[in-house]
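What follows is a short report on a single structure.
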Amino acid sequence: MKKVKANPKMPVAVWSEKEIMDGQIVDSLVVVLRSKGCFWSRKNGCLMCGYNNDCLSSVSSEDLVNQFELAIGQHTNQPYLKIYTSGSFFDPEEIDMVAQKRILEMAGQKAGQVLVESRPEFVTAENLQRATDLLKRLEVAIGLETANDDIRAKCINKGFLFSDYKRACDILKKNDASIRTYLLLKPPYLTEGESIADVKNSIERVSEISQTISINPVNVQRGTVVEGLWKRRYYRPPWLWSLVEVLRAPSKVRIVSAPSGGGSKRGIHNCGKCDKGILNAIREFSLRGEINIFNELDCDCREEWLDTLELDNFAGSTGDLARLMKPQ
Ligand code: SF4
Ligand SMILES: [Zn+2]
């Protein structure tokens, strides 16, 4: 496939999708802006993150406003607006104050609820005050990934602690902003079973703090540590059965998941035969929250998944045993 040169004046992508707002299914407009990218990914970087592939160091403040003007031109009355930047919206090095203000002004005029993403260090009282003045309702998504500080440091290299997340959430709460927390299913160096247990434990801790929890299964992105492990057969993306298992976990708050690359070899997948049906069920569950939707699901590969959970533990391995045992 021929690589098209990224244009600093054009957003990465704009699309419409369903969301929940005030308990109702509504349309939301999703805008992915091409920014300079996440400072952490330039400095150190999370082991699974390839978002800097979508970024461009030459993007200026005017470019960002320009991109958003183009994107918002596609707004057709959606009450919910999600603005992604492949980094932190509130990081002034990524989206400077002038662009932040202009984008939020336009967003506030169009939508009833606006979601942006940020690392905890950029969630400050000043940033929040400025944003909530310009918007009717603000939701901030934070990629906590796990409630376990050891796993976040050693298996993800996230560069912040649970206490940093908690501090950011306190500020969000004080400013009446909603909190959406991302949890990561299957970081490297954990077995499938360990990852399921970690997400369940994280759901329990985070549901005290966050209004929505979004489970993000790892997909193997270009140029990442995870890709290196995957190519050498030391990593398998999670099974869809594992995601179903964690979505069924008891929670006081709404749990959703919109796996990227689901059903592909780089994304969360099962045997190939049942993937589409399970992904549809996950989509439905994320909108309606009805756990019964998973009751009907079955496939021969469920046994293989159960065997994997046992075998990983027995072998003490986090590699992709099925591929490692195959002659190359
Ligand atoms: S996962 Fe988030 S915090 Fe980590 S490098 Fe990527 S954009 Fe930055
Ligand atoms: Zn199957």
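The values are calculated or read from the model by the stated rules, or taken from the named source; none is laboratory data. Note that the coordinates shown come from a computational prediction; the quantities given were computed from them, not determined experimentally. Please note: Cβ atoms are built from the backbone with ideal geometry, for glycine as well, and neighbour counts cover all protein chains shown.
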Which one of the conditions (1) of a type in the set (A, V, I, L, M); (2) in contact with a helix residue (DSSP H, G or I) (Cβ under 8 Å, 6 or more places away or on another chain); (3) surrounded by 18 or more Cβ atoms within 10 Å (Cβ to Cβ) does residue 115 fail to meet, given that it meets all the rest?
(2)
Is it true that residue 310 is exposed (fewer than 15 other Cβ atoms within 10 Å of the Cβ), within 18 Å of residue 237 (Cα to Cα) and within 16 Å of ligand 2 (Cβ to nearest atom)?
no
Quick check: anything in the stretch 180-196 within 16 Å of ligand 2 (Cβ to nearest atom) and touching a residue at least 24 places away in the same chain (Cβ under 8 Å)?
yes
If we keep just the residues of the stretch 288-304 that are surrounded by 13 or more Cβ atoms within 10 Å (Cβ to Cβ) and outside any loop (DSSP other than H, G, I, E, B), which is farthest from ligand 2 (Cβ to nearest atom)?
291
For the stretch 1-108, list the strands (runs of 3 or more DSSP E) that sit wholly inside it and hold at least 2 residues that are more than 16 Å from ligand 2 (Cβ to nearest atom) and farther than 28 Å from residue 120 by Cβ; which are they?
13-21, 24-32
Within the stretch 35-49, how many residues are more than 20 Å from residue 83 (Cβ to Cβ) and either surrounded by fewer than 18 Cβ atoms within 10 Å (Cβ to Cβ) or touching a Gly at 6+ places or on another chain (Cβ under 6 Å) (or both)?
3
Look at residue 273 and say whether it is at pLDDT 95 or above and within 30 Å of residue 42 (Cβ to Cβ).
no
Within the stretch 125-179, take every residue that is part of a helix (DSSP H, G or I) and of a type in the set (S, T, N, Q) and give me the one that is farthest from the chain's Cα centre (by Cα).
129
Here are some conditions: (1) within 21 Å of the chain's Cα centre (by Cα); (2) modelled with pLDDT of 95 or more; (3) crowded, with 20+ Cβ neighbours inside 10 Å; (4) not hydroxyl-bearing (Ser, Thr, Tyr). Residue 107 meets all but one. Which one does it not meet?
(1)
Need pairs with beta-carbon distance below 8 Å; first residue over 23 Å from residue 30 (Cα atoms) and within the stretch 249-274, second of a type in the set (Val, Ile, Thr) and within 16 Å of ligand 1 (Cβ to nearest atom); sequence gap 6+ or separate chains.
266/220
Across (1) buried (at least 21 other Cβ atoms within 10 Å of the Cβ); (2) over 24 Å from residue 201 (Cβ atoms), residue 318 clears everything bar (2)
The condition of being at pLDDT 95 or above and either within 16 Å of ligand 1 (Cβ to nearest atom) or closer than 28 Å to residue 186 by Cα (or both) holds, among 31, 98, 65, 114, only for 31
Restricting attention to the stretch 188-232, the residues that are modelled with pLDDT of 95 or more, in contact with a helix residue (DSSP H, G or I) (Cβ under 8 Å, 6 or more places away or on another chain) and of a type in the set (Gly, Ala, Ser) number exactly 3
Do any residues in the stretch 92-107 that are within 22 Å of residue 58 (Cβ to Cβ) have Cβ atoms under 6 Å from those of residues that are among the hydroxyl-bearing types (Ser, Thr, Tyr) and assigned to a helix (DSSP H, G or I), where the two are at least six apart or on different chains, and which pairs are they?
96/61; 98/61; 99/61
